[in-house]
Each structure stands twice: as structure tokens, then as C-alpha cells.
Amino acid sequence: MKALFALAALLPSLTAFAAGPTTNETPEHAARIAWWREAKFGMFIHWGLYAVPAGEWKGKPVAGIGEWIMNRAKIPVKEYEQLAPQFNPEKFDAEAWAQLAQDAGMKYMVITSKHHDGFAMFHSLVSPYNIYDATPFKRDPMKELSAACAKRGIKFGFYYSQAQDWHEPGGMGNEWDFKKDDEKDKDGDYDKYLQGKAEPQVKEILTNYGPICLIWFDTPRHMTAERAARFEKIVHDLQPNCLVSGRIGPGSSSDYDSEGDNHIPGTVRAGDWETPATLNDTWGFKKDDHNWKKPEDLIFKLCDIVSKGGNYLLNVGPTAEGVIPQPSQDMLHEVGKWMKTNGEMIYGASPTPFGEELGKPTDRKDNRNRVIFDVYKEWRCTTKPGKLYFAIFKWPGENFTVPFKGQVTKAYMLADKDKELKVTQADGKTTVALPGQQTDPVASVLVLETPETASK
Ligand code: H79
């Protein structure tokens, strides 16, 4: 880390730390993904039939994430299908959802067009097991959402579970109604499902909803390079600018990587990546999950992720009535308030040139064998040409000292840009005389302007 810091001080340009691949990138890819690198913060939405049972089956709570209830309770297809006539989200308001995303400072929206349960949340001609044909709602909420997002300049994308489909004999995952997954693959049922439902539905969502910014594939069970390539070709044939997220399958050239669900790396990670994350412990609505994160935690995670080079795709799980839970709305408004003043350190920003502020590895590993980090929470840094941004989470009092020894031409808080702050430098460190009190109760953002990049 010391070496990195020394390097940062010497380098003519901090843009050397820009996110995204710096080698082997085609100009086409750079152009396609430019908006995503700028956006940094998106809204994930998990909405489907699972919002009806909302975590409870036959009067008993079912453990685990809400959208997995069919699997966890081993609900037969015929029984689960009975949820469709009960699904009538009359309070659904696409404008309100898109407005919430905008108020939070989110630049893109990704919604479940079909989750593992196999139920399409759009009007599909491929299968009548969809919200338009199988529920009393008789509307296509995806059409309404794509329009509401377009109106606000929010990019619109779809989650699509390509491999798991518990409703179909050939889809992966349902071994309580159908054959074992291995047999489905061996017997050709899987390819029949892929070609008969998944691939045609992916064509539909890329055809009927305007420009789709990305397709978020998930859990690529039994996906081979060849199968993944088929999906990739469909996406790029129909919408060449549509990004393909990381979980499409092996051997394919997805546009960016997905971290594990809710996982934030301990250090700066090169390349394009995203952390998909929940606001409580479930993706799809569960009435008993009140384990909400705190707004300050979300703001920290946003800064933490961006300072490590990633994007934050933050989930809401609307109810079967079509309402985003009030605690989710409240939290996102809090984040939005912070973003209004401080979004400059997030959008289009590159990772920290330091690293020692992030934390250090422990000798413990998590259940997926990843090293657990002792995460430091004093401050986070992001950069833009000519600027270093510091989100200060632990207000240190009079002075803030950072390990930066390059020249500083100006220092100020984002919340009070006109008030220049006094800077002193000694022993390879920069000390800023902070204003009398923090400019934000969660994270006050300090800017250091540097001539090395200001000329760029
Ligand atoms: O869509 C969300 C999840 O439903 C999906 N990815 C995010 C974005 C996802 N699919 N699979 N997984 C995540 C891993 C699943 C793990 C578990 Fe389970 C599901 C743990 C508890 C329920 C599998 C089934 C392991 C135990 C039971």
C-alpha cells in the first residue's frame, strides 16, 4: 500500500487509476459501457408472485430470501400457480417508482422480468404464465416502468433468470416436481426449455420495451460457453448497446463482473464490477423482514464501493399491492439528500489512489472462502482529474490529515464550496483545517484540488 501511495503522489495524472479495463478494450466496448461507468448507483427491483406469500406458506414462516419461497417450501407448480389469480397490484405506480430512483440519485433501474419461479412480469406471447395473461391486473407494468424511466433519463434494464425456471420441466432448479437437473441436461429437456422459453422471452424483453441498458442474468446452472453465447448473440443482435452482466455463464464476454450478492471487496478491484445488494435480508418482499440497514450504512457502502472501483445496485422489494415498503423509501430519500450535495464524488469517479484507509485482511474467511477484512470506516476517497474527494465519516475535530504529498492548490467542502480551507503539508502528509463543524451528519465531503491533473 505504501508503494501505491508513493506512486500516486509521483504520477502526473490520477486518471491512471480510472475504473475499467485499461488494456485490450475495444473502442466499441468503451462507448457502450461509458454511461454505466458514470452512473455508479442503480436501483434493483425484485417483484413477482413471491410478494403474495411474502415469506409465509400455509401459516408458517419460510426461512431464507423471499423470492426463493417456492424452492424452500418445495411448493408444487400447480399450487404456486394459484398465486397468479391473487396478484393484483392496484397500487402500482410506475411514476412513483421511477421518481424514487431519481430522488435517491440512482441512474439506472434493473427489474426482474422473470425470476427463478418462472413467472414473467411482462406480457409474454411465449408463455401465458405472465402478469398480463394470468393475473387480474391485466396491465404490463414493464411497459409503464420503461416509459417512466425514459421520461426521467433513467436507464432501464431487465433481470432475467436464464437457467433456473422452477415452472418448467426443463428449467434448472425444480427437482421436487421434475427430474434431476443433470438428467434434464442429459435428456435434452434443458435445451428445449432454453430454446422454447428463455431465449424467446429474452428476445421479447429486448424488443418491446425500448432501449434496454442491460440484461442481468443470474445463477448460470449448467450454462455452457455455447449456451451463454446464444444469449449473448440474442442481446447484441437485437440491441448492440445493451450490456450483459456478469452471471450469463462461462466463457462469454460479459460487459462487467458481478460481485457475490451483498459482497463488497476489501480492496480496490480493477475492471468493471458491481455489488448487488439488499436493504434488508431479502430481495423479494417478506412481511417479517424488518432488518433494515441504516441510511448512514448505505451512504458508507456507496462511498466504499465507488472508492474501490465498483457500482452499487441497491434492491427494493415491492409488495403484492405494488408498493415499495415505506422504510425503503425513507432510506433512499436520505441517501438522495446526501447525493444532492455530494454526488460529485460518486458519479464518474475513479477509485482511491491510497488504500490504507480501506482496512486490512484478517485471518478469517467467510462461507465462500473469501478473506474477511477488518473494514476501517474513518474516510473514503474517490478521484476525478484534478480532484481528490474525501468522504469523512468520523469527524476528527479541527484537522483532517491524509497521506497525500502532491501539490494542493485548493481545499474546500462540497457543502460549502466558496469557503477555502487552510492546507499544510509535512512529512509526506497533507493536513486540512476543517470548518468548525461537520457539513453533513453522516459524511462530510472534502475536496482537494491538485494541479497535476487540473491541466488535463
Ligand atoms: O435474485 C437474487 C437471488 O434470488 C439470486 N441472486 C440475487 C440477485 C440468487 N439465486 N441464488 N442465489 C442467489 C444463491 C441462493 C442462496 C440461497 Fe438457498 C437461497 C440461500 C438460501 C436460499 C439455496 C437454497 C441454498 C439454500 C437454499
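Scan segment 106-135 residue by residue and report those that are surrounded by fewer than 17 Cβ atoms within 10 Å (Cβ to Cβ) and charged (D, E, K, R).
Of everything in segment 106-135, just one residue is surrounded by fewer than 17 Cβ atoms within 10 Å (Cβ to Cβ) and charged (D, E, K, R), namely Asp133.
Could you list, in sequence order, the residues of segment 288-316 that are under 18 Å from Gly359 (Cα atoms), within 16 Å of the ligand (Cβ to nearest atom) and free of Cβ contacts under 8 Å to residues at least 24 places away in the same chain?
If the condition is that a residue be under 18 Å from Gly359 (Cα atoms), within 16 Å of the ligand (Cβ to nearest atom) and free of Cβ contacts under 8 Å to residues at least 24 places away in the same chain, then no residue fits.
Taking Gln82 as the residue in question, decide whether it is touching a residue at least 40 places away in the same chain (Cβ under 8 Å) and outside any loop (DSSP other than H, G, I, E, B).
no
Give Ile65, Ile45, Ile75 a once-over and let me know the one that is within 14 Å of the ligand (Cβ to nearest atom), in contact with a Phe, Trp or Tyr (Cβ under 6 Å, 6 or more places away or on another chain) and among the hydrophobic types (A, V, I, L, M, F, W, C).
Ile65
Exactly one of (1) in a helix (DSSP H, G or I); (2) surrounded by 20 or more Cβ atoms within 10 Å (Cβ to Cβ); (3) within 25 Å of the chain's Cα centre (by Cα) is unmet by Asp103. Its number?
Just one mismatch for Asp103, condition (2).
With (1) of a type in the set (S, T, N, Q); (2) free of Cβ contacts under 8 Å to residues at least 24 places away in the same chain; (3) assigned to a helix (DSSP H, G or I) as the list, and Asn71 as the residue in question, which single condition is left unmet?
(2)
Tally time: how many residues in segment 378-392 are part of a loop (DSSP other than H, G, I, E, B) and surrounded by 15 or more Cβ atoms within 10 Å (Cβ to Cβ)?
Count: 2.
Taking the options Thr267, Thr275, Thr282, Thr352, name whichever one is under 24 Å from Thr219 (Cβ atoms), among the hydroxyl-bearing types (Ser, Thr, Tyr), at pLDDT 95 or above and assigned to a loop (DSSP other than H, G, I, E, B).
Thr282
Within segment 262-279, take every residue that is within 18 Å of Pro361 (Cβ to Cβ) and in contact with a strand residue (DSSP E or B) (Cβ under 9 Å, 6 or more places away or on another chain) and give me the one that is nearest to the ligand (Cβ to nearest atom).
Checking each candidate, the answer is His263.
For the structure I just gave you, tell me whether Thr341 is over 19 Å from the mean Cα position of the chain (by Cα), surrounded by fewer than 19 Cβ atoms within 10 Å (Cβ to Cβ) and assigned to a strand (DSSP E or B).
no
Is segment 106-119 home to any residue that is modelled with pLDDT of 95 or more, more than 16 Å from the ligand (Cβ to nearest atom) and closer than 20 Å to Ala39 by Cβ?
yes
Tell me whether segment 250-261 contains one or more residues that are at positive phi and free of Cβ contacts under 8 Å to residues at least 24 places away in the same chain.
No, the conditions are met nowhere in segment 250-261.
Examine segment 423-443 for a residue that is buried (at least 19 other Cβ atoms within 10 Å of the Cβ), touching a helix residue (DSSP H, G or I) at 6+ places or on another chain (Cβ under 6 Å) and part of a helix (DSSP H, G or I), and state whether such a residue exists.
no
Residues that are more than 13 Å from the ligand (Cβ to nearest atom), of a type in the set (A, V, I, L, M) and either closer than 21 Å to Ser245 by Cα or surrounded by fewer than 16 Cβ atoms within 10 Å (Cβ to Cβ) (or both): does segment 155-173 have at least one?
Looking through segment 155-173, none of the residues is more than 13 Å from the ligand (Cβ to nearest atom), of a type in the set (A, V, I, L, M) and either closer than 21 Å to Ser245 by Cα or surrounded by fewer than 16 Cβ atoms within 10 Å (Cβ to Cβ) (or both).
Quick one: which residue in Asp140, Asp187, Asp237 is of a type in the set (D, E, K, R) and surrounded by 15 or more Cβ atoms within 10 Å (Cβ to Cβ)?
Within the list Asp140, Asp187, Asp237, the selection yields Asp140.
List every residue pair whose Cβ atoms sit under 6 Å apart, with the two residues 6 or more apart in sequence or on different chains, where the first one lies in segment 34-52 and is free of Cβ contacts under 8 Å to residues at least 24 places away in the same chain and the second, anywhere, is among the hydrophobic types (A, V, I, L, M, F, W, C).
As it stands, the answer is none, since no pair meets every condition given.
For segment 204-226, give me each residue that is touching a helix residue (DSSP H, G or I) at 6+ places or on another chain (Cβ under 6 Å) and farther than 20 Å from Ala148 by Cα.
Correct list: His222 only.
Being touching a His at 6+ places or on another chain (Cβ under 9 Å) and more than 30 Å from Lys40 (Cβ to Cβ) is the filter here; which residues of segment 107-129 pass it?
Asp117, Gly118, Phe119, Ser127, Tyr129
Could you please find all residues in segment 206-238 being within 19 Å of Tyr108 (Cβ to Cβ), in a loop (DSSP other than H, G, I, E, B) and within 16 Å of the ligand (Cβ to nearest atom)?
Asp218, the sole residue that qualifies.
The values are calculated or read from the model by the stated rules, or taken from the named source; none is laboratory data. No experiment lies behind these values; they were computed from the predicted model shown. All Cβ positions, glycine included, derive from the backbone under ideal geometry; neighbour counts span all protein chains shown.
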